[in-house]
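The structure appears right after this line, and notes come after that.
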Amino acid sequence: MGRVLTTAVVLVTAATLSLSAQSDRPRPSVSAAGPAYCLTPHNIGKLFVGVTNYGRLSFGNEIVYFDCFTGAKVPDCQYPKGTPTVYLYKGGIWIGGVVGKDTLVSTGEEHNNWSREFHPDVSPYGQFTRRSIIDASQPEYFDAISEQDLLTTYYDTLTGGNPYPSFDGLDSRAHKPLGIEVHQESYAWSYGYADDFILFSNSITNISERPIKDLYFGINMDADVHRFVPDVGASEPGTAKAATNGRDDLTGFLHSYQATYYDECEYLDTIQMAYTMDNNGDANWSTATFGVPNVTGVRFLRQPHDDETLSFNWWVPNYNSAYDFGPQKRANYRNLGSGIGQPIGDRNKYFLLSNGEIDYNQPMTARVSVNDPEWSYPNREISLALSRGGDGFYLLSLGPYDLDPHETIDIPWAFVGGESLHVDLLHAHLNLLFGYKPDRYLSGLNWEPFATNAVWASRIYDNPGVDTDGDGYAGKMRVCILDSSLVAGTWQYTVVDTTYAEGDGVPDWRAATPPPAPKVWLRPSVNGIIVRFNGYQSETTKDFLSGLVDFEGYHVYVGRDEREASLALVAGYDFKNYDIYAYNPVKKPKPGYELVGIPATEQEIRCRFSGAEDPCGDTLLDPDLYDLTNPYRSARFLDSILYFAPHDNNVHRLGIDTPIRKLYPEAPKPELDKPITPDMLTADGYLKYYEYECEIPSLLPTVPYFVNVTAYDFGSPKAGLVPLESSKVLSVQSAYAVSSADQLGDVLPPVYIYPNPYRVDDNYRLEGWEGRGQYERINDRVRAIHFVNVPSRCTIRIHSLDGDLVRELHHDVDPADPKSHHAAWDMISRNVQMIVSGMYYWSVEDENGNVQIGTLVVIM
């Protein structure tokens with residue numbers, strides 16, 4: 001039976017919800033406007049994936065490929081962002097239940113790309129709502145959970161007039177709706193420990209007048225993991241072709257993984273996550289690299305309760321029923337419509353949602369014998385081939401729940417990635433593709449990043465050690481016994497270490513955050529870029545978990561494009577502080593040093609540990625002198641043996657150890673109990689004390705540089721958190737290393753252009769001069785002629801030798817923009833055609849009618 005009004009999955013009356021189902025608006029119907037279908041991406045972390053307002057992730061062969069907010073193209077799931085990879089072709093939710101005598105399933109995605117069974121409202125009611133914690137001054141900050149919240153509501157109520165109709169192939173009928181509303185919220189972060197997953201919360205409300213019995217919620221995924229490259233022979237911009245095979249994937253289920261954040265004791269973290277990976281990471285022998293070495297999957301963010309059933313099913317579809325395959329237990333054997341793989345019709349989909357099976361991992365298929373007592377014997381013609389890869393689907397599902405009219409159930413889940421699953425080029429070939437040792441193959445993969453990310457996803461959902469509802473319970477603890485002794489004939493624990501492993505069961509949806517990034521300005525200079533930044537927010541914001549101002553330092557990055565992998569660290573600054581390690585004689589498995597507390601300054605170390613009469617004034621206690629080879633024995637605490645290690649690099653002397661310097665070194669530090677006076681502020685209203693500057697020299701003037709400044713904290717070793725750094729790619733800015741507006745004044749030097757001549761045989765793209773980060777565009781759509789020293793507002797014209805106008809560009813850029821004196825022409829004519837070889841005239845005309853003229857040679 002289903003479960004009603006339990007504490008783990010709360011059912012509430014619709015009157016308590018602020019969802020559009022409780023408004024007086026009618027349910028979605030096909031009108032002249034129609035449902036406001038929308039696709040928009042989560043792209044702030046490493047996972048770049050499109051989310052829809054009709055229950056689908058990514059889109060496969062959908063018509064819509066563009067962000068409904070910006071119009072920008074949204075690729076299939078990239079991981080990491082900015083790479084020519086696909087880790088999810090299409091996926092979506094499945095919801096099934098029993099309504100009267102009907103067994104019904106509504107899907108956001110299935111084998112048929114074109115049908116839709118969930119629909120948003122008409123515009124503007126059906127559009128996404130976006131929120132973000134990035135900027136507290138913006139209206140999007142209110143009630144935000146993450147750096148990128150996406151909120152939407154969609155319905156399964158349409159019975160006729162569906163613009164994307166679906167059909168039940170088993171019962172030969174049109175789709176029957178469940179009569180539900182789904183309010184979906186999804187959250188993403190850019191932080192180092194949280195940028196490999198996206199969290200979802202799906203609230204399902206019965207908006208019909210009939211109860212839904214035994215409801216199940218599932219996530220269906222079709223990954224098709226592969227890598228692609230630009231199709232240089234294509235005539236259309238943005239055309240790409242697959243470079244590797246998306247039909248050699250492997251699907252499985254990660255039950256648990258050894259916890260990585262304990263030194264003395266061993267524990268297993270329960271993961272229960274479905275996944276898809278490429279069978280060998282598309283190993284490239286010539287370059288000794290992998291094309292798609294990573295893995296993605298989904299998990300529910302809490303563990304199933306006793307009255308819930310978790311199911312995991314995978315299948316590889318085939319139009320030939322003999323080869324249409326998915327694992328089935330002997331006790332549950334069922335023809336699913338065209339075989340035992342792809343489910344046809346609502347009743348067969350519901351069977352997979354509710355069967356309670358946890359399928360074996362795909363590489364184990366050929367291991368199932370004809371006499372296996374549990375699993376049906378797979379077709380021997382295909383079992384070994386399937387063990388080595390296929391075009392697979394999986395469904396992870398949870399239930400049952402009974403949902404009376406106007407009741408709601410909340411399902412939290414996560415889409416998770418893990419980098420570097422494949423690390424050995426030979427591993428898959430030796431153990432799977434040319435040999436068959438599936439156990440050795442699976443155990444030899446690098447599961448740690450994937451499992452660690454899955455654990456952090458659940459920790460954000462329900463923070464361990466946080467008593468959210470104030471009932472005195474803060475979560476399940478793990479007790480690590482470090483030492484014991486025999487007392488009165490009984491062994492008793494003498495030293496134990498306790499750590500919260502789970503939360504209190506009440507959702508928090510809170511992530512530990514790095515300090516806010518500083519405010520950044522760029523000012524170009526000749527062959528360099530000057531970076532100004534203000535760190536008031538970075539250096540004064542408290543961490544919500546510790547309550548401490550945990551700011552540690554800044555990093556300055558520069559790169560040739562905005563991808564994280566392209567950004568190089570060129571300067572840094574951090575506080576001078578030290579990690580303290582104390583000797584623990586009862587540490588297991590053997591005595592040794594362990595980290596104590598948070599980093600401390602020289603003064604703090606002296607005050608805490610010096611045995612001098614004036615401990616805080618003891619200059620003889622120099623932490624740099626007492627490392628692991630020369631520990632410090634405290635005269636105040638005779639049993640304490642300590643050593644100190646610099647936390648980070650201790651690059652703290654501004655303008656000496658680092659090119660970062662204070663713009664106003666004499667400015668006083670603001671105090672909370674004293675007012676801010678005008679002399680403490682810059683001309684644009686920022687506190688002078690937190691103003692910094694860094695010059696990046698020796699740059700080429702002919703290419704754009706991407707620059708960002710991040711702030712980072714000192715981490716939380718006890719919580720297993722490494723130092724957190726604000727995003728390297730969020731709010732990255734670009735500039736050319738040419739004279740800026742304030743340097744040039746009112747009189748600009750002569751305009752010049754480059755490259756001139758433009759030679760197609762110089763392979764500018766291959767050399768990295770054009771098309772960086774635009775791998776999906778063909779060569780003819782990344783070419784450019786650059787104009788330097790142009791006025792911030794001007795008109796650029798290109799003519800043929802005969803005087804015909806080839807192209808006219810209107811350059812209108814704020815003079816404060818670091819690129820205001822730079823413009824580029826994409827070598828496309830006003831007729832939207834690529835230009836041909838020849839000589840051209842160019843002219844630049846400013847607002848006052850002043851004109852500069854030159855010539856350009858193009859050799860195609």
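Can you name every residue in the range 136-156 that is among the acidic types (Asp, Glu) and either more than 26 Å from Asp196 (Cα to Cα) or at pLDDT 95 or above (or both)? Step through it out loud before you land on a result.
Kept after step one, since they are among the acidic types (Asp, Glu), are these residues of the range 136-156: 140, 143, 147, 149, 156.
Result: Asp149, Asp156.
Scan the range 830-850 and report the pairs whose first residue is closer than 15 Å to Pro750 by Cα and free of Cβ contacts under 8 Å to residues at least 60 places away in the same chain and whose second residue is open to solvent by 100 Å² or more (accessible area, probe 1.4 Å) and assigned to a strand (DSSP E or B), with Cβ atoms within less than 7 Å and a gap of 6+ or a chain change.
These pairs meet every condition: Ser843/Ile853.
So, in the range 150-167, exactly how many residues are crowded, with 21+ Cβ neighbours inside 10 Å and either free of Cβ contacts under 8 Å to residues at least 24 places away in the same chain or touching a helix residue (DSSP H, G or I) at 6+ places or on another chain (Cβ under 9 Å) (or both)?
Final tally of qualifying residues: 2.
Out of the residues in the range 400-449 that are over 16 Å from Leu254 (Cβ atoms) and among the aromatic types (Phe, Trp, Tyr), which is surrounded by the fewest Cβ atoms within 10 Å (Cβ to Cβ)?
Just the residues of the range 400-449 that are over 16 Å from Leu254 (Cβ atoms), to begin with: 400-412, 423-437, 440.
Filter once more, keeping what is among the aromatic types (Phe, Trp, Tyr): 401, 434, 436.
Numbers: Tyr401: 24, Phe434: 9, Tyr436: 15.
Filtering the range 400-449 for residues that are over 16 Å from Leu254 (Cβ atoms) and among the aromatic types (Phe, Trp, Tyr), the one surrounded by the fewest Cβ atoms within 10 Å (Cβ to Cβ) comes out as Phe434.
In this structure, is Asp214 of a type in the set (Asp, Glu), in contact with an Asp or Glu (Cβ under 8 Å, 6 or more places away or on another chain), at pLDDT 90 or above and open to solvent by less than 40 Å² (accessible area, probe 1.4 Å)?
Here the answer is no, as Asp214 does not meet what is asked.
Being β-branched (Val, Ile, Thr) and open to solvent by less than 50 Å² (accessible area, probe 1.4 Å) is the filter; apply it to the range 243-284 and report the residue that is modelled with the lowest pLDDT.
Initially, the range 243-284 is screened for residues β-branched (Val, Ile, Thr), giving 244, 251, 260, 270-271, 276.
After this cut, where a residue has to be open to solvent by less than 50 Å² (accessible area, probe 1.4 Å) as well, the list is 244, 251, 271, 276.
Details: Thr244: 62, Thr251: 98, Ile271: 94, Thr276: 98.
Looking at residues that are β-branched (Val, Ile, Thr) and open to solvent by less than 50 Å² (accessible area, probe 1.4 Å), I get Thr244.
In the range 544-585, what count of residues is obtained for those that are within 22 Å of Val729 (Cβ to Cβ) and either of a type in the set (Val, Ile, Thr) or in contact with a helix residue (DSSP H, G or I) (Cβ under 8 Å, 6 or more places away or on another chain) (or both)?
Start the filter on the range 544-585 by keeping residues that are within 22 Å of Val729 (Cβ to Cβ), which leaves 551-574.
Next cut, either of a type in the set (Val, Ile, Thr) or in contact with a helix residue (DSSP H, G or I) (Cβ under 8 Å, 6 or more places away or on another chain) (or both) only: 551, 554, 556, 558-560, 570.
The qualifying residues number 7.
If we scan the range 578-589, do we find a residue that is surrounded by fewer than 16 Cβ atoms within 10 Å (Cβ to Cβ), over 30 Å from Arg510 (Cα atoms) and of a type in the set (Ser, Thr, Tyr)?
Filtering the range 578-589 down to residues surrounded by fewer than 16 Cβ atoms within 10 Å (Cβ to Cβ) leaves 585-586, 589.
Those left that are additionally over 30 Å from Arg510 (Cα atoms): 585-586, 589.
From what's left, of a type in the set (Ser, Thr, Tyr): none.
Among the residues of the range 578-589, not one is surrounded by fewer than 16 Cβ atoms within 10 Å (Cβ to Cβ), over 30 Å from Arg510 (Cα atoms) and of a type in the set (Ser, Thr, Tyr), which makes the answer no.
Checking Val596 against (1) surrounded by fewer than 17 Cβ atoms within 10 Å (Cβ to Cβ); (2) of a type outside the set (Lys, Arg); (3) within 22 Å of Phe714 (Cα to Cα); (4) modelled with pLDDT of 85 or more, which single condition isn't satisfied?
All conditions pass for Val596, except number (4).
I'm trying to understand the selection: among the residues of the range 127-147, which are free of Cβ contacts under 8 Å to residues at least 12 places away in the same chain, more than 18 Å from Ala517 (Cα to Cα) and in a loop (DSSP other than H, G, I, E, B)?
Passing the criteria: only Phe142.
Considering Gln272, Gln303, which residue is in contact (Cβ under 8 Å) with a residue 12 or more places away in the chain and over 25 Å from Asn348 (Cβ atoms)? Write out each step before concluding.
On the way: Gln272 fails: over 25 Å from Asn348 (Cβ atoms).
Gln303 is the lone residue from the list that is in contact (Cβ under 8 Å) with a residue 12 or more places away in the chain and over 25 Å from Asn348 (Cβ atoms).
Have a look at Leu170, Leu178 and point out the one that is buried (at least 21 other Cβ atoms within 10 Å of the Cβ), in contact (Cβ under 8 Å) with a residue 24 or more places away in the chain and either touching a Pro at 6+ places or on another chain (Cβ under 9 Å) or in a loop (DSSP other than H, G, I, E, B) (or both). Let's see the steps before the verdict.
On the way: Leu170 fails: buried (at least 21 other Cβ atoms within 10 Å of the Cβ).
None of the others qualify; the one that does is Leu178.
Residues checked against (1) over 26 Å from Asn43 (Cα atoms); (2) of a type outside the set (S, T, N, Q):
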{"site": "Ser525", "(1), (2)": "yes, no"}
{"site": "Val558", "(1), (2)": "no, yes"}
{"site": "Ser566", "(1), (2)": "no, no"}
{"site": "Val570", "(1), (2)": "no, yes"}
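Report yes if Tyr319 is more than 28 Å from the chain's Cα centre (by Cα), farther than 23 Å from Lys213 by Cα and outside any helix (DSSP H, G or I), otherwise no. I'd like the intermediate steps shown before the answer.
On the way: more than 28 Å from the chain's Cα centre (by Cα): yes; farther than 23 Å from Lys213 by Cα: yes; outside any helix (DSSP H, G or I): yes.
Yes; evaluated as a whole, the condition is true for this residue.
Do we find a residue being closer than 22 Å to Gln733 by Cβ, open to solvent by less than 70 Å² (accessible area, probe 1.4 Å) and among the charged types (D, E, K, R) anywhere in the range 793-809?
So the first thing to find is which residues in the range 793-809 are closer than 22 Å to Gln733 by Cβ, and the list is 793.
Still in the list and also open to solvent by less than 70 Å² (accessible area, probe 1.4 Å): none.
No, the range 793-809 contains no residue that is closer than 22 Å to Gln733 by Cβ, open to solvent by less than 70 Å² (accessible area, probe 1.4 Å) and among the charged types (D, E, K, R).
Ala517 - would you say it is in a loop (DSSP other than H, G, I, E, B), open to solvent by 20 Å² or more (accessible area, probe 1.4 Å), touching a residue at least 60 places away in the same chain (Cβ under 8 Å) and in contact with a strand residue (DSSP E or B) (Cβ under 7 Å, 6 or more places away or on another chain)? Walk me through how you get there before you give the answer.
Working: in a loop (DSSP other than H, G, I, E, B): yes; open to solvent by 20 Å² or more (accessible area, probe 1.4 Å): yes; touching a residue at least 60 places away in the same chain (Cβ under 8 Å): yes; in contact with a strand residue (DSSP E or B) (Cβ under 7 Å, 6 or more places away or on another chain): yes.
Answer is yes for this residue.
Of the numbered conditions (1) open to solvent by 10 Å² or more (accessible area, probe 1.4 Å); (2) assigned to a loop (DSSP other than H, G, I, E, B), Ser484 fails exactly one; give the number of that condition.
So the condition that Ser484 fails would be (2).
Scan the range 662-672 and give yes if some residue there is outside any loop (DSSP other than H, G, I, E, B), surrounded by 18 or more Cβ atoms within 10 Å (Cβ to Cβ), in contact (Cβ under 8 Å) with a residue 12 or more places away in the chain and not β-branched (Val, Ile, Thr), otherwise no. Working first, answer last.
Residues of the range 662-672 that are outside any loop (DSSP other than H, G, I, E, B), as a first pass: 662.
Applying the additional criterion that residues be surrounded by 18 or more Cβ atoms within 10 Å (Cβ to Cβ) yields none.
The answer is no; no qualifying residue exists.
Do you know which residues across the range 487-514 are more than 29 Å from Glu147 (Cβ to Cβ), assigned to a loop (DSSP other than H, G, I, E, B) and in contact with an Asp or Glu (Cβ under 9 Å, 6 or more places away or on another chain)?
Correct list: empty.
Scan the range 814-845 for residues that are open to solvent by 40 Å² or more (accessible area, probe 1.4 Å), part of a strand (DSSP E or B) and within 25 Å of Pro704 (Cβ to Cβ) and jot them down. Walk me through how you get there before you give the answer.
Of all residues in the range 814-845, those open to solvent by 40 Å² or more (accessible area, probe 1.4 Å) come to 814-817, 819, 824, 826, 830-834, 836-837, 839, 841, 845.
So of that shortlist, the ones also part of a strand (DSSP E or B) come out as 824, 834, 839, 841, 845.
Passing the criteria: Ala824, Met834, Glu845.
Tell me which residues, restricted to the range 105-126, are assigned to a loop (DSSP other than H, G, I, E, B) and either of a type in the set (Lys, Arg) or open to solvent by 20 Å² or more (accessible area, probe 1.4 Å) (or both).
Within the range 105-126, the subset assigned to a loop (DSSP other than H, G, I, E, B) is 108-118, 121, 123-126.
Hits for the range 105-126 are Glu110, His111, Asn112, Trp114, Arg116, Ser123, Pro124, Tyr125.
Do you know which residues across the range 379-399 are open to solvent by less than 10 Å² (accessible area, probe 1.4 Å), in contact (Cβ under 8 Å) with a residue 60 or more places away in the chain and not aliphatic (A, V, I, L, M)?
The answer is Gly390, Gly392, Phe393, Tyr394, Ser397, Gly399.
Which of the residues belonging to the range 57-77 are open to solvent by less than 10 Å² (accessible area, probe 1.4 Å) and either over 23 Å from Gly218 (Cβ atoms) or without any contact (Cβ under 8 Å) to a residue 60 or more places away in the chain (or both)?
Ser58, Phe59, Glu62, Val74
I'd like to verify a number: residues in the range 491-541 that are closer than 28 Å to Arg478 by Cβ and not hydrophobic (A, V, I, L, M, F, W, C), how many?
16
Under 7 Å between Cβ atoms, at least 6 apart or on separate chains: pull out the pairs that start in the range 794-813 with a residue that is outside any strand (DSSP E or B) and end on any residue that is of a type outside the set (Lys, Arg) and open to solvent by 60 Å² or more (accessible area, probe 1.4 Å).
Leu801/Met839
Could you tell me whether the range 80-88 includes any residue that is in a loop (DSSP other than H, G, I, E, B), surrounded by fewer than 17 Cβ atoms within 10 Å (Cβ to Cβ) and among the aromatic types (Phe, Trp, Tyr)? Before the answer, list the steps.
First, the residues of the range 80-88 that are in a loop (DSSP other than H, G, I, E, B): 80-84, 87-88.
Next cut, surrounded by fewer than 17 Cβ atoms within 10 Å (Cβ to Cβ) only: none.
No - not one qualifying residue is present in the range 80-88.
The values are calculated or read from the model by the stated rules, or taken from the named source; none is laboratory data. Note that this is a predicted model, so its numbers are computed, not measured. Because the Cβ atoms are built from the backbone with ideal geometry, glycine has one as well, and the counts that use them run over all protein chains shown. We work out accessible area using only protein heavy atoms, side chains counted, and drop any ligands, DNA or RNA first. Shrake-Rupley method; radii C 1.70, N 1.55, O 1.52, S 1.80 Å.
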